[in-house]
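Inspection log for the structure reproduced underneath, given as C-alpha cells.
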Amino acid sequence: MAPPKPQRCRPNSGTARGEAGAWPLRHRLFRAFFYPSPFFFFFFFFPFLSFPFSPCGVGAAPRPSLCRPGPAPPSRHGAEEEEEKEEEEEEEEEEEPTPAAAGPELGQGRGSAMSLAERQEEEEGEGDGVGEEVVQIRLGDKCYPVCKRKLIEQSDYFRALYRSGMREAGQGQEEQLLRGGLSALGLELVLDFINTSCLARLEQEEGGDDEPPLLEELVEAASYLQVTPLLRLLLSQVRVGNCLELHRLAQVYGLQDLHDACLDFMATHYHQVLRRPDARPHLHLPHALQHHLKERRMRGTATLVAIGDFMGASSLGLPPGCHPQAEAPWSMLRYDEEAQRWLPLANNLPPDLVNVRGYGSAVLDNYLFIVGGYRITTSQEISAAHCYNPCLNEWSQLASMNQKRSNFKLLAVNGKLYAIGGQSLSNVECYNPENDWWNFVASMPNPLAEFSACECKGKIYVIGGYTTRDRNMNILQYCPTSDSWTNFELCDVHVRKQQMLSVEETIYLVGGCIHELGPNQKSSQSEDVLTVQSYNIATKEWLYLKENTSKSGLNLTCTLHNDGVYILSRDITLSTSLEHRVFLKYNIFTDSWESLRRFPAFGQNMLICSMYLPDVREV
C-alpha cells in the first residue's frame with residue numbers, strides 16, 4: 001500500500017509537522033536544497049558583482065562594462081593619500097645627492113610615471129639642446145643636421161609637414177629630402193639662422209662685393225621654407241648697400257612687408273641711395289622709382305621752418321617747464337599753424353654753420369641745403385655745404401664747392417643745385433646729388449651784385465642788381481639743357497635786393513628797392529616799403545600788386561607755403577625806434593595781406609622755408 005501523498009498545510013499546522021509542530025526531516029532537507037534563503041544568494045553571487053556605493057548614499061557610480069572591466073576609481077581619501085605619498089617621495093629625492101653623471105638637477109612635479117633617466121634627458125634637451133631630436137636635411141648629396149624642435153618653431157614649411165601626418169614626417173623619419181632648385185648656400189644661411197637666431201655670416205660680409213648673391217640665396221631659401229622670423233628680421237637689416245637688391249627680391253618673391261620697408265628706407269635716405277658705385281650700374285634707381293620715392297618723402301605735413309641765430313626760446317610764449325632747454329638759444333623753429341605759435345625744432349645747426357652770413361639756401365627733394373657764406377669772426381668766405389634731412393632730423397656735410405662765395409643765389413632745378421654768382425663773381429656751379437660733386441657750368445655774361453634769381457618752368461631767371469659799370473636792366477635766362485645764357489627781355493624798372501619766387505609761369509618779386517626808369521622819367525628810388533610784383537614769362541607782362549606800406553622791403557626772407565607767400569620782415573616803431581620782426585602772409589589768389597603775429601624771438605640772419613616733416617617733433 002502506497003504511503004499517503006503529503007499535503008501542504010500552513011506552517012504551524014499540526015498535521016504537516018506532526019504533533020510537535022516541526023517539519024519532518026525529509027521535508028526540511030528538501031526545503032533547504034530547493035528553497036535557499038536570501039543569505040545564500042548574497043554570499044553566492046557577491047564575488048561576481050561590484051556595487052561602488054557613494055559615501056553619501058547619492059549618485060552611485062555607473063557599473064563598469066563586463067567585457068573589459070576596469071579598476072574602480074579611488075575614493076577621495078585614497079587620492080589625497082597618494083598625493084601626500086608622492087610629495088614625500090619627491091622631497092626624499094631632492095635630499096639625495098645627484099650623481100655626477102646624472103646631468104642637471106631633475107625637474108619637480110613630473111610624477112612617478114616618468115623614469116629618472118627620461119626626466120634627465122628631457123631637461124638636458126630643454127636646457128642646452130643636448131639630447132634633443134636631430135633631423136638631417138638632405139639637399140643633393142649634402143646633409144645638414146638641425147634640431148627638430150627649432151626647425152618646427154622657425155619654419156612654417158616644416159611645421160606643416162610634421163603636423164600633416166604624412167609618411168615623410170612619421171616617427172623614425174630622421175632625414176628630410178628637399179627639392180625645388182634650392183641652393184646649398186641659401187639653405188646653409190637659413191639653417192644657420194634657425195640654429196642661432198641671428199645672421200652672423202651676413203653681417204660679417206656686409207658691404208662686400210658678395211653681398212647681393214648672399215642676399216639672393218638667403219631670401220630665396222627663406223621664402224621657400226617659409227622661415228617667418230628670418231623674413232621679419234630682414235626688415236631691420238635694410239641698409240644703403242642692400243636696399244635696392246632687397247627691394248628687387250621682395251618684388252620677385254611677393255614679400256610685401258619687406259617691399260614697404262625698403263621703400264621707406266630708400267625714401268628716408270634718398271640722396272644716399274642715389275650715389276651708387278659705378279661698378280654696379282644695374283643697381284641705379286629707375287626713373288619711375290625715383291619719382292615714387294620723391295613723393296614718399298613728402299607724405300608728412302608741410303611745415304614752416306625758421307633758421308637763424310635766435311637769442312633764446314623764452315620769448316616763444318611756451319608754458320613754463322614744457323621744454324628742458326626753454327632758456328637755451330635755438331637755431332631752428334617750426335610753426336604750428338593750429339596753435340599759431342613758433343616751437344623749437346628738435347635739432348640745431350651744425351657748429352660749422354654758426355656765425356655764418358651771406359649763405360645760399362635751397363630745398364631739393366625735401367632736403368634743406370645751406371652752402372657757402374662768410375664767417376663774421378674772420379670775414380672769410382667759405383665753400384662748405386651742409387644738408388638737413390627732416391625724415392631723420394639730422395644734418396650731414398656734403399662736398400664743398402669749388403669756389404668760395406657769399407651773397408649768391410642757390411637754386412634747385414631739375415633735381416640739381418645751381419650756385420649762381422656771388423661777390424664780384426659771374427661763374428656758376430652745379431651740384432649733382434647722385435655723385436655728391438660740384439662742377440662748373442656756363443657763367444653769366446657779367447658779374448652781378450644785389451641781384452635775385454629763381455627757377456621757373458625748368459629754367460633760371462636773373463633780374464635786377466648791378467654790373468661792374470651800371471644797373472642791370474636785362475632779364476637773363478639760363479637753360480640747363482643747352483648750358484647757355486640768353487637776354488630774355490629788357491626791363492623798364494630796375495630793382496635790387498628783392499626776393500623772387502615762382503608759381504607755374506608767374507614770377508613774384510617781393511620787397512626790394514625799385515627804380516622806375518622810362519624815356520620821360522628821371523631816376524627816382526621808391527620808399528622802403530614792402531611791395532609785391534609779378535612777371536609772366538609767357539606773356540612778358542608785369543603786374544604791380546598790393547603794397548604793404550607799413551613794413552620794410554629790405555632784409556626780408558620769404559617762402560611759398562600752401563596758398564601764399566609767408567614773409568619775415570622788419571617793423572620799426574617810430575616813437576621808440578625799436579626794431580622787431582613781423583610775420584606776414586600774402587595770398588597770391590586773393591591779392592591780400594594778413595598779419596599773423598609778431599615773430600616771438602629776436603635774432604639775425606634768419607631764413608624761412610617750407611618743408612615736409614614726417615611727424616610732430618616733441619617740444
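The values are calculated or read from the model by the stated rules, or taken from the named source; none is laboratory data. This one's a predicted model, so the numbers in the text were calculated from it and none came from an experiment. Every residue, glycine among them, receives a Cβ derived from its backbone with ideal geometry; neighbour counts consider all protein chains shown.
To keep it simple, each residue is scored yes or no on (1) outside any helix (DSSP H, G or I); (2) more than 23 Å from E220 (Cα to Cα); (3) modelled with pLDDT under 90.
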| residue | (1), (2), (3) |
| --- | --- |
| L258 | no, no, no |
| D264 | no, no, no |
| V273 | no, yes, no |
| P277 | yes, yes, yes |
| R296 | no, yes, no |
| A302 | yes, yes, no |
| G308 | yes, yes, yes |
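If you check Q340, Q325 for being in the same structural domain as A306 (by TED's automatic domain parsing) and modelled with pLDDT under 90, only one passes: Q325.
Looking at the stretch 385-410, which of the residues that are surrounded by fewer than 17 Cβ atoms within 10 Å (Cβ to Cβ) and in a loop (DSSP other than H, G, I, E, B) is nearest to the chain's Cα centre (by Cα)? It would help to see each step written out before you state the result.
Taking the stretch 385-410 and keeping what is surrounded by fewer than 17 Cβ atoms within 10 Å (Cβ to Cβ), we get 392-394, 396-397, 399-400, 402.
Those still in the list that are in a loop (DSSP other than H, G, I, E, B) too: 392-393, 399-400, 402.
Working: L392: 12, N393: 15, A399: 29, S400: 32, N402: 38 Å.
My answer is L392.
Quick check: anything in the stretch 182-200 at pLDDT 90 or above, assigned by TED's automatic domain parsing to the domain that holds H269, in a helix (DSSP H, G or I) and within 21 Å of the chain's Cα centre (by Cα)? No, the conditions are met nowhere in the stretch 182-200.
Could you check the stretch 325-384 for strands (runs of 3 or more DSSP E) lying wholly inside it with 2 or more residues that are under 23 Å from L501 (Cβ atoms) and of a type in the set (A, V, I, L, M)? Steps first, answer last, please.
Values: elements: 332-336, 341-344, 360-364, 367-371.
In the stretch 325-384, the matching strands (runs of 3 or more DSSP E) lie at 332-336, 360-364, 367-371.
Every test in (1) modelled with pLDDT of 75 or more; (2) over 19 Å from the mean Cα position of the chain (by Cα); (3) not small (G, A, S) is passed by H284 save one, and that test is (1).
Looking across the stretch 216-246, the residues that are touching a residue at least 40 places away in the same chain (Cβ under 8 Å) and not aliphatic (A, V, I, L, M) come down to Y224, Q226, T228, P229. Here is the figure for the stretch 453-496: residues that are among the charged types (D, E, K, R) and either in a strand (DSSP E or B) or surrounded by 17 or more Cβ atoms within 10 Å (Cβ to Cβ) (or both) total 5.
Return the total of residues in the stretch 412-431 being within 14 Å of L448 (Cβ to Cβ) and crowded, with 19+ Cβ neighbours inside 10 Å.
Total satisfying the criteria: 6.
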